[in-house]
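Below is one structure, written out as structure tokens; comments come after it.
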Amino acid sequence: MTHDLTDLLGDVGPIVFYLAVWGLVFAGTALFVGVFIPFITGDSLLFAAGLLTGTHSELSIWVLAIGVGIAAVLGDQVGFWLGRRLGRPYLARRGGRWVQAGVRRAERFYELFGWWSVVISRYIPWGRVFIPPIAGISAMKYWRFFTANVVGALSWGVLITVIGYFAAVNPSVRPVAYVVAGVVILASIAAGIRAYVLDRRSRLRPATGSVEPTGDGHRPAL
């Protein structure tokens, strides 16, 4: 990934480099690209872009990182409004069996965590693609979605990009940067496992009657 970005930077210069990285982050959720090629629209892209920025003086880490955060927010906004406008059929048309399994997993994740699911999903490859439209389909109040979207997208975009930058520019903090990157990845895996375990537990419990949806438009965990 880093080699590809270096070639891109050498061919097109800083401005187009920024736009390419931001465009990939945006397309990962807004255009569903992240379902099929998550490794060039997610964590790997951001970390590699940060590494490259740390070794090229013509690039600014703050321009890159803040732009990534904004692109991530805008991509999620598009996903939310597509879900709100087009409803569940929008997701039903998205690919084959494995995609639909991801949709169902994300729906359950949203039911379990509500507002936090939008924040946490930014760190989970399948979550960042599916959760925004599911929040829209579930009639989550827009301003609640927006606050969660900003917290999750900005923290994800800025954090991972800056970690990559410090891993390249400062040898003394490089081990720490790699540790933090590992913690972020492990935390995203743990969130996915927790959602799976809670889902399994809730399915094994006998039904105790109907559950009323909350004000966010989702049902609370059983």
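The values are calculated or read from the model by the stated rules, or taken from the named source; none is laboratory data. Not measured: the values here are computed from a predicted model. Heads up, the Cβs are rebuilt from the backbone with ideal geometry, glycines too, and the neighbour counts pull from every protein chain shown.
Assorted remarks:
- Candidate set from segment 139-167 (those that are surrounded by 21 or more Cβ atoms within 10 Å (Cβ to Cβ) and either in contact with a strand residue (DSSP E or B) (Cβ under 9 Å, 6 or more places away or on another chain) or of a type in the set (G, A, S) (or both)); member that is modelled with the lowest pLDDT: A167
- The single condition among (1) out of contact with any Leu (no Cβ under 8 Å at 6 or more places or on another chain); (2) in contact (Cβ under 8 Å) with a residue 60 or more places away in the chain; (3) aliphatic (A, V, I, L, M) that L74 does not satisfy is (2).
- Cβ-Cβ under 7 Å pairs, at least 6 apart or on other chains, segment 115-135 side on the phi < 0 side of the Ramachandran plot, far side among the acidic types (D, E) and assigned to a helix (DSSP H, G or I): P132/D76; I134/E107
- Checklist (1) among the charged types (D, E, K, R); (2) at pLDDT 85 or above; (3) out of contact with any helix residue (DSSP H, G or I) (no Cβ under 6 Å at 6 or more places or on another chain) applied to R97, failing item: (2)
- For segment 27-35, the condition holds for at least one residue, the condition being that it is under 16 Å from L154 (Cβ atoms) and touching an Asp or Glu at 6+ places or on another chain (Cβ under 9 Å).
- Residue check for S117: of a type in the set (S, T, Y), under 24 Å from G28 (Cα atoms), modelled with pLDDT of 85 or more and part of a helix (DSSP H, G or I): yes
- Of the candidates R94, R105, the single residue that is in contact (Cβ under 8 Å) with a residue 12 or more places away in the chain, over 30 Å from R174 (Cα atoms) and in a loop (DSSP other than H, G, I, E, B) is R94.
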